[in-house]
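Down below is the structure, laid out as structure tokens.
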Amino acid sequence: MLFCNIDLIDESFAPRRNQFVGVRDGRIAYIGDVRPDGDWGETYDGRRRLLLPGFYNTHCHAAMTLVRGSAEGLPLDRWLHEKVFPFEAKLTPAAIGAGVRLAIAEMLRCGTVSFSDMYFACEATGQAVLDSGIKCNLSRSLTVSDGEDYRNSAAYAENTALLRDWQGAGDGRITVDLSIHAEYTSTPRLVSAVAAHAAQVRTGIQLHLSETKTEHEACKARHGMTPTAYFAAQGVFDVPVTAAHGVWLEPEDRAILHEKQASVACCPASNLKLASGFVDARALLAEGVNVTLGTDGAASNNGLDSFRDMTLLALLAKGASGDPTALSPADCLRIATRNGALAQRRTDCGVVAVGSRADLCVVDTDRPWYVPATDPAASLVYAGRSSDVVLTMVDGRVLYQDGAYPTIDIERAAYDAQRFTNRILSQI
Ligand SMILES: [Zn+2]
């Protein structure tokens, strides 16, 4: 495909006007202000459009679209135990597949090209990812109820099968990570065993970290150290880690995360809705930590809209610090895109640059809130909305355009999700 006369956000996250962008064999093969020679296939009229890297949603529980609206107005511990866990006990792989298909449709419509997922029955998620064309770092959520001895647990067997059958599937679109749900659902023995497994198979770990003050302080009372120090003591950060939330991190925690090159997936909408607080993204950036963006699941957000989370992250960083220079628009766009790709260890993704994989979205700027076009990055971050997205492309393949999904039967996805939710709600 050849995008013609299109404005873009370049690899330094600055705007560039009126460019030609050629996509060939899944990668960006040309960027320039003159039309390139040769046959590029379909041409795309880019006038009054802005091309940017697609969003990398680095913390999600995609199947939880089914729980959307079923667990409202509760703090995290009651939200989990009174609403989410009973619902999840009734989930089948078929229901999870339906929830994930709906989630993928929602994410593609919001400009998301890849997500990091933590859940169970991951084969159902993997199949939906494979069929849709999106990218995903799959991980099977692990809690201590799975048994103290990890190597003899169902989780270890599932992880082994996932690594065997799904690692690198879909021409590398699927990556299999391991997962530890959180400090409060683990033991040191379990955590160190998962860390050793991840090191052995050379993969990463996804986990929840210091999401609530209660969790953070209870860990200090239980183990005499913060959750970050606890995980570090078990060797978790010796492999690539994406830690979700990080709301209650302390300065020493940020130093550990920087030293160990971990990523922190900030989930501002989920944290605000569950009244958990908000992450200090400015302090993380200042420490040199790889800061990324996540939506968390739709049960606590209630959408999977990275645009909205990006805006919230930007405004919270300024409001909380009293510093209007905290998190520039370029910082926010990099956090939502390139940093997320790096957290997923997709080093050739997340930027509009020649040689990079064509994981892109196009925003319609023929709307009042993008006029005048004095600072397109600022308009995107502070005034942009996911409904401005008119095209989402993954590895050079269009997966969403102007309301249409070439790879997803959206009516069926919505129908199935509603049907499974109705059935489960009638059982609990
Ligand atoms: Zn989560």
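The values are calculated or read from the model by the stated rules, or taken from the named source; none is laboratory data. Please read these numbers as outputs of a predicted model, since none were measured by experiment. Cβ coordinates were reconstructed from backbone atoms using ideal geometry, including for glycine residues, and neighbour counts include every protein chain displayed.
You will find that of G54, G46, G26, G22, the residue that is among the small types (G, A, S), touching a Pro at 6+ places or on another chain (Cβ under 7 Å) and closer than 26 Å to R338 by Cβ is G22 and no other.
Of all the listed residues (A353, A330, A417), the sole one being hydrophobic (A, V, I, L, M, F, W, C), surrounded by fewer than 21 Cβ atoms within 10 Å (Cβ to Cβ) and over 19 Å from S114 (Cβ atoms) is A330. Within segment 147-191, being of a type in the set (K, R) and without any contact (Cβ under 8 Å) to a residue 24 or more places away in the chain holds for one residue alone: R164. For segment 1-48, the set of residues classified as within 18 Å of S356 (Cα to Cα) and among the acidic types (D, E) consists of D7, D10, E11, D25, listed by residue number. Selection over segment 327-362 of residues that are of a type in the set (A, V, I, L, M) and either within 18 Å of C60 (Cα to Cα) or modelled with pLDDT under 95 (or both) gives a count of 5. Screening the candidates L209, L178 for the property of being buried (at least 21 other Cβ atoms within 10 Å of the Cβ) and more than 13 Å from the ligand (Cβ to nearest atom) yields one hit, L178.
Is at least one residue of segment 20-30 farther than 28 Å from I174 by Cβ, out of contact with any Ser or Thr (no Cβ under 6 Å at 6 or more places or on another chain) and either of a type outside the set (A, V, I, L, M) or within 16 Å of the ligand (Cβ to nearest atom) (or both)?
yes
A single entry from E183, E217, E148 fulfils the requirement of being of a type in the set (D, E, K, R) and within 16 Å of the ligand (Cβ to nearest atom): E183.
Among the residues here, S139 qualifies as buried (at least 24 other Cβ atoms within 10 Å of the Cβ) and among the polar types (S, T, N, Q). Please tell me if A275 is within 16 Å of the ligand (Cβ to nearest atom) and surrounded by fewer than 24 Cβ atoms within 10 Å (Cβ to Cβ). For A275, the condition - within 16 Å of the ligand (Cβ to nearest atom) and surrounded by fewer than 24 Cβ atoms within 10 Å (Cβ to Cβ) - is met.
Can you name every residue in segment 379-405 that is free of Cβ contacts under 8 Å to residues at least 24 places away in the same chain and either closer than 30 Å to P324 by Cα or assigned to a loop (DSSP other than H, G, I, E, B) (or both)?
Result: S379, A383, S387, D402, G403.
When you scan segment 295-311, do you find a residue that is away from the ligand (no atom under 16 Å from the Cβ) and either closer than 22 Å to L209 by Cβ or modelled with pLDDT under 95 (or both), even just one? Checking segment 295-311: at least one residue is away from the ligand (no atom under 16 Å from the Cβ) and either closer than 22 Å to L209 by Cβ or modelled with pLDDT under 95 (or both).
Only one of V241, V264, V236 is away from the ligand (no atom under 16 Å from the Cβ) and among the aliphatic types (A, V, I, L, M). Can you tell me which?
V236
When each of R346, R282 is tested for being away from the ligand (no atom under 16 Å from the Cβ), buried (at least 21 other Cβ atoms within 10 Å of the Cβ) and not hydrophobic (A, V, I, L, M, F, W, C), the lone residue that passes is R346.
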